[in-house]
Amino acid sequence: MVRPTWDEYFMEVCDSIAKRATCDRGRSGCVIAKDNQILVTGYVGAPAGMPHCDEIGHKLKKILHEDGTVTEHCVRTVHAEQNALCQAAKRGIALAGSTLYCRMTPCRTCAMLIINCAIVRVVCQKKYHSFGESEAIFRDAGIQVEYVSTEIQQY
């Protein structure tokens, strides 16, 4: 067995974290690390104490985009990235200078939160179908984004 790189290692941990997710539309996990140490993790799920998709079903909303396309999203859940950022806030963990590992390109809202936490690098397993806007936001903020695969996450 070949010893994994740090990026491979944290992405494997991210995959394990994703197994705790409670929305089967996008079982996603997130790891935030700095200096080769895990600071916090998060996974997709309803807010604490509220029912999960896996228990009562999805709360789907259709989004009409400027180009006329329509996508459907579950709004019952908090994204894995958001949950990881909340864990850091609850525990008083500074994230400045860290790297965030996630399963797909963060959404626009997550991208803006990542920027405001002074995270400097984002490593994604795959691309998200509406990744262009987030990538542009990260580029404008000087945040490095890398992909393990350029495949688009299907769900």
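The values are calculated or read from the model by the stated rules, or taken from the named source; none is laboratory data. Just so it is clear, the model here is predicted, and its values are computed rather than measured. Here the Cβ is made from the backbone with ideal geometry for all residues, glycine too, and neighbour counts use every protein chain on show. Accessible surface is based on the protein model in full, side chains and every heavy atom, while ligands, DNA and RNA are left aside. Shrake-Rupley method; radii C 1.70, N 1.55, O 1.52, S 1.80 Å.
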Checklist entry - Do we have any residue at all in segment 96-107 that's over 14 Å from the mean Cα position of the chain (by Cα) and free of Cβ contacts under 8 Å to residues at least 60 places away in the same chain? => result yes
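So that you can scan it fast, the table gives a plain yes or no per residue for (1) more than 20 Å from SER149 (Cα to Cα); (2) surrounded by fewer than 22 Cβ atoms within 10 Å (Cβ to Cβ):
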{"site": "CYS23", "(1), (2)": "yes, no"}
{"site": "GLY29", "(1), (2)": "no, no"}
{"site": "ILE32", "(1), (2)": "no, no"}
{"site": "HIS58", "(1), (2)": "yes, yes"}
{"site": "GLU66", "(1), (2)": "yes, yes"}
{"site": "THR71", "(1), (2)": "yes, yes"}
{"site": "LEU100", "(1), (2)": "no, no"}
{"site": "LEU113", "(1), (2)": "yes, yes"}
{"site": "GLU133", "(1), (2)": "no, yes"}
Item to check | Looking only at segment 1-21, and only at residues there that are within 13 Å of THR77 (Cβ to Cβ) and not charged (D, E, K, R), the one that is surrounded by the fewest Cβ atoms within 10 Å (Cβ to Cβ) | outcome: ALA18
Item to check | Per-region count, segment 73-95, residues assigned to a loop (DSSP other than H, G, I, E, B) and over 13 Å from the mean Cα position of the chain (by Cα) | outcome: 6
Checklist entry - Would segment 142-155 turn up any residue that is polar (S, T, N, Q), surrounded by 13 or more Cβ atoms within 10 Å (Cβ to Cβ), within 11 Å of the chain's Cα centre (by Cα) and assigned to a loop (DSSP other than H, G, I, E, B)? => result no
Next on the checklist: Please go through segment 60-99 and give me each residue that is of a type in the set (D, E, K, R), under 19 Å from THR109 (Cα atoms), at pLDDT 90 or above and out of contact with any Pro (no Cβ under 9 Å at 6 or more places or on another chain), ordered by number.
Outcome noted: LYS61, LYS62
Next on the checklist: Here is a check on your reading of the model: is ALA118 outside any loop (DSSP other than H, G, I, E, B) and open to solvent by less than 50 Å² (accessible area, probe 1.4 Å)?
Outcome noted: no
